[in-house]
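The values are calculated or read from the model by the stated rules, or taken from the named source; none is laboratory data. Quantities reported herein were computed from a predicted structural model and do not represent experimental measurements. Cβ coordinates were reconstructed from backbone atoms using ideal geometry, including for glycine residues, and neighbour counts include every protein chain displayed. Just so you know, the surface numbers come from the protein's heavy atoms only, side chains and all, with ligands and any DNA or RNA stripped out. Shrake-Rupley method; radii C 1.70, N 1.55, O 1.52, S 1.80 Å.
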Amino acid sequence: MARLLLTGGAGFIGSHTALVLLEAGHEVVVLDDFRNSSPKALERVQELSGRSLDLVAGSLGDPATLERAFGGGLYSRGGAIDAVIHFAGLKAVGESVRHPLLYWDVNVNGSRLLLEAMDRAGCRTIVFSSSATLYGMPERTPIVETDAVRPINPYGHSKAAVERMLADLCETGADWRVASLRYFNPVGAHPSGRIGEDPEGIPNNLFPFVSQVAVGRRPELQVFGSDWPTHDGTGMRDYIHVMDLAEGHRAALDTLLREPPQLLTLNLGSGRGHSVLDVVRAFEIASGRSVPYRLVDRRPGDAAETVADPSLAAERLGWRTSRSLEDICRDGWAWQQANPSGYR
Ligand code: UD1
């Protein structure tokens, strides 16, 4: 069993991954500043797993926080960290366009500070939360990992820059073990309905928006574009259940710890595309509620279709998704219904 540091471990993907890792018997330390997450998520992860985790509250930009996370100084509690899963970061595309330096600071500089602290502590194993957003406007689908990395916004550039930094470290010969996981569209929730996604303010993303319409928190969904070259004219995405994604992290970690030092760059998706209207219909069936919607103009910066070719992850990790769009809607609805205002 390993002692693992999860930066951003209280967030949506971090909390589900923390649960999977605790259930697998690992020791978990979470570093989080709760700027976009809630300590309640961690309470519930501990409740669900029947195990406790260690919390270091603070940001990557604070040297004392990093020192504590790696068990240094007076605060040292457990042993050394064997590996890091690095979720911490900002992820709103629109905000990144308005405040690019914030994204370069939190996402890129934050990652650099983390990697320096890892190097000092002699910990050279890291799983990084990358994103399919770095493919920009993909020329074809399904997307393979060797397709061009061409971000179209500062958020995407920040993910590509961290991937580059990690690849450069792997070239130093210092035995880094790195997995950059390019997530497609993470959605759904733990089937218990106890943990899930809790965006602040008006959601930018489709799933939380649809859930909030179904539960009556918002009047209607705006469907961005009905003239895309897809089966019903609405945008197609590869939605991945957050529990499948969490299990993908566990598989990546196991592979890194078992095999010789290497750099893995992998798409994590289901390989299946669903349109906006497919999602609306599936959510209506799962919830038994209607989801009123209105067709409006395309959203700038959107692509028609983004679907992963997940075969490299299957080959290298022995992992593939097992949950359907129906499972996603059922579990997402259980979370939304039990927590209409998220963790608040
Ligand atoms: C978005 C981000 C992406 C980020 C990902 C995180 C943009 C352009 N892309 O991806 O960089 O990594 O979230 O999960 O913001 N839609 C509607 N109405 C809505 C919201 C969305 O019709 O109110 C449509 C979109 O046009 C798209 C699909 O739903 O076709 C999915 O949208 P979304 O959930 O925002 O994800 P992405 O755009 O794929």
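When the Cα positions of 301, 18, 319 are compared along the charge dipole of the chain, 18 comes out farthest toward the positive end, with charges on each C-beta of Lys, Arg, Asp and Glu. Placing unit charges on each Cβ (+1 for Lys and Arg, -1 for Asp and Glu) gives segment 187-243 a dipole about its Cα centre, and among 234, 204, 190 the Cα reaching farthest toward its positive end belongs to 190. Mark the label point 7 Å from the Cα of residue 168 along Cα→Cβ and return the residues of segment 123-138 whose backbone N is within less than 18 Å of it. Those under the cut-off are 126, 128. Bridges between two residues of the chain, per DSSP, are antiparallel at a rate of about 5%.
Residue ranking by accessible heavy-atom surface, 1.4 Å probe, largest first, among 170, 329 comes out as 170, 329.
Averaging 1/r across all pairs of distinct Cα atoms in segment 1-151 and inverting the result yields a Kirkwood radius of 16.4 Å.
Across the chain, the mean sequence separation of Cα contacts (distance under 8 Å, 6 or more residues apart), normalised by length, yields a relative contact order of 19 percent.
Taking label points 7 Å from Cα along the Cα-to-Cβ direction, residue 218 and residue 343 give a separation of 2.1 nm. The charge dipole of the chain, taken about the Cα centre with unit charges on the Cβ atoms of Lys, Arg (+1) and Asp, Glu (-1), comes to about 500 debye, rounded to the nearest 20. The Cα-based radius of gyration and maximum Cα-Cα distance (Dmax) for segment 166-208 are 17.2, 46 Å. Dipole orientation for the chain: of the candidates 141, 49, 253, 49 has the Cα lying most toward the positive pole (charges on Cβ; Lys, Arg +1; Asp, Glu -1). Using the scaling law 2.2 N^0.38 Å as the reference, what is the normalised Cα Rg of the chain? Output field value: 0.95. Of 172, 141, 65, the residue with the greatest mean-square motion in the GNM of the chain, using alpha carbon springs below 10 Å, is 172.
Reported to the nearest whole Å, the Cα centre-to-centre distance from segment 13-28 to segment 191-232 is 27. Quick check on segment 9-73: take the gyration tensor over C-alpha atoms, sort the square-rooted eigenvalues as a ≥ b ≥ c, and tell me if it's rounded (a/c under 1.5), prolate or oblate. Since a/c reaches 1.5 but b/c is at least a/b, the shape of segment 9-73 is classed as oblate.
Per residue, the convex hull spanned by the Cα atoms of segment 201-313 measures out at 137 cubic angstrom.
Ordered by solvent-accessible area of protein heavy atoms (1.4 Å probe), largest first, the residues 91, 159 come out as 91, 159.
Scoring 181-188, 13-20 by mean Cβ neighbours within 10 Å over their residues and listing the highest first yields 13-20, 181-188. Extension gain for residue 289-residue 104 works out to 62.5 nm (0.36 nm per residue, less the C-alpha to C-alpha distance).
Computed over the Cα atoms of segment 270-316, pair by distinct pair, the Kirkwood hydrodynamic radius stands at 13.4 angstrom.
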